[in-house]
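Only the coordinates and a few stated rules stand behind these numbers; no lab work does. Computed from a predicted structure; not experimentally measured. Note that each Cβ is placed from the backbone with ideal geometry, even for glycine, and that neighbours are counted across all protein chains shown.
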There are 2 protein chains.
Amino acid sequence: MSLPHAILTALLEKPSSGLELTRRFDKSIAYFWSATHQQIYRELGRLEAEGLIRALPSEQPARGQKREYEVLPAGRDELARWTAASQDPKPLRDVTLLRLRAAAVVGTAGLETDLRRHRELHARQLATYLEIEQRDFPPGKDGPQDRLRHLVLRAGIDLETFWTQWLDHALSEFAHLPDTDGTGRPGAGED
Amino acid sequence: MSLPHAILTALLEKPSSGLELTRRFDKSIAYFWSATHQQIYRELGRLEAEGLIRALPSEQPARGQKREYEVLPAGRDELARWTAASQDPKPLRDVTLLRLRAAAVVGTAGLETDLRRHRELHARQLATYLEIEQRDFPPGKDGPQDRLRHLVLRAGIDLETFWTQWLDHALSEFAHLPDTDGTGRPGAGED
DNA sequence: CAGCTTTGTGCAACTAGTTGCACAAGCGTG
DNA sequence: CACGCTTGTGCAACTAGTTGCACAAAGCTG
């Protein structure tokens, strides 16, 4: 239940049309919350129906015609309520870790190449984040809002750093692992 | 599309009934892939229908009667195929980061308490993982399977470490932040 | 001005995960 | 033996996200 709140945040930062929102999601918000344009349009409809946002009055509203939205007071209230409300962190769910665990049972054949690719993707993402950090958070810029946003970006940077390092570690393990081929029997118990 | 493969892995490690699987998920697999018993039963049905697993022949199959499953060769093949297949890492999606970004716009009121709670939850999870590490991976135990499983646990440990530290950092920022109350206007642009 | 690309909005169908509940068998206890 | 608790299996309805596609207007290009 977070997409509507992501949209409210983005619209408060700047009123936008659906496509503009989509682009801003791709470019900045996707670092911690990704969404497709279909999801965004659907959600804009719902938010408008609930009276949390409204379309800026413009010429004639028609299909294929731009519609800009802005947040209404009720929307801001809802966002503030949601931000302050207690929420449980949801458990990790990571396919790569699962694949590694599976590899312990059926063998590591073929896995290494893809892990290497992941390592590069994470390294590239990290580089992108570091550029953004340099550009958007120069030494002087440290108002309250900047500090909070910087904190969020920092999480992204540190997570990508973690994954690159962890994958390096994993790959180096692979290097001196006997090349299991899928016939290995489970030896030890588990938990 | 990973739950079936998580189940195949678990069943290869040890043939089990639905409830046993559920418990093993809670206790060990949930560290990187959580699932409810309803999901597991549904998936067991599908896997059986597809011929990847089968119920061990037992007394009379009836409702409320235990059914143990084991993986068939086709199931092992499918798991090996899936493990080796290339998959894109999916983008981060984290509610806490979103809340912080929202707080930059509507104010941080009420957020601190919950972040403090998160910090404790992550610290506790970390402690649990460290116990498991001590118990299951003593210095001697380093066969190929152990190394891979240890690697997975290590990811869990390092991620929990990261979150505890990051939350500490966030909370210390909060300490010398003017106590915004939700009326703060957005000052800077974004991207 | 015909045809192509870009900008913009949106529906429909599907997949995966969550929530709530039902039902059966077995076991222990007053 | 009636009652409640535990073990065990499972359906139904819902929510959130993904995928594929349709359609309209505006601008550009030969």
### Task
Point me to the residue of chain B whose C-beta lies closest to the B-onto-A rotation axis, rounding the distance to whole angstrom.
B:F162, 3
### Full-stretch length increase - B:R23, B:S86 - with 0.36 nm per residue and alpha-carbon distance subtracted
19.7 nm
### Message
Exceeding 27 Å between C-alpha atoms, which entries from my cross-link table qualify? They are A:K90/B:K27; A:K27/B:K90; B:K27/B:K66; A:K14/A:K66; A:K90/A:K141; A:K66/B:K90.
### Response
A:K90/A:K141; A:K66/B:K90
### Task
List the distances, in nm and shortest first, from the label point of A:E173 to the matching label points in every other copy, placing each point 7 Å from Cα along the Cα-to-Cβ direction.
3.2
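Please give the direction-averaged projected area of the C-alpha convex hull for chain A, in square nanometres with one decimal.
Over all viewing directions, chain A projects a mean Cα-hull area of 15.9 nm².
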### Message
How far, in nm to one decimal, is B:R54 from itself in the other copies if the label point is set 7 angstrom along Cα toward Cβ? Shortest first, please.
### Response
6.7
### Label point at A:R54 placed 7 Å out along Cα→Cβ; residues across the range A:75-115 whose backbone nitrogen lies under 20 Å
A:75-80
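How well do other chains shield peptide A:141-150, expressed as the mean number of their Cβ atoms within 10 Å of each residue Cβ?
Values: counts 1, 0, 6, 12, 12, 3, 6, 13, 7, 2.
Shielding by partners across A:141-150 averages 6.
Roughly how crowded by other chains is peptide B:75-86, in terms of the mean Cβ count from those chains within 10 Å of each of its Cβ atoms? Please report the intermediate quantities before stating the final value.
Numbers: counts 1, 5, 2, 1, 7, 11, 3, 5, 16, 13, 4, 6.
Mean inter-chain Cβ contacts per residue within 10 Å come to 6.
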### Sorted by Cβ density within 10 Å, fewest first, the residues B:F162, B:F32
B:F162, B:F32
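Based on other C-beta atoms within 10 Å, arrange B:I40, B:I157 from fewest to most. Spell out each step's value before the answer.
Working: B:I40 22, B:I157 19.
In order of increasing Cβ crowding within 10 Å: B:I157, B:I40.
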#### Entry: In nm, spacing of pseudo-spin labels at B:Q65 and B:R46 (7 Å Cα→C-beta vector)
2.7
### Query
By how many nm would the segment from B:T36 to B:A109 grow when fully extended, if each residue of separation counts as 0.36 nm and the alpha-carbon distance is taken off?
22.9 nm
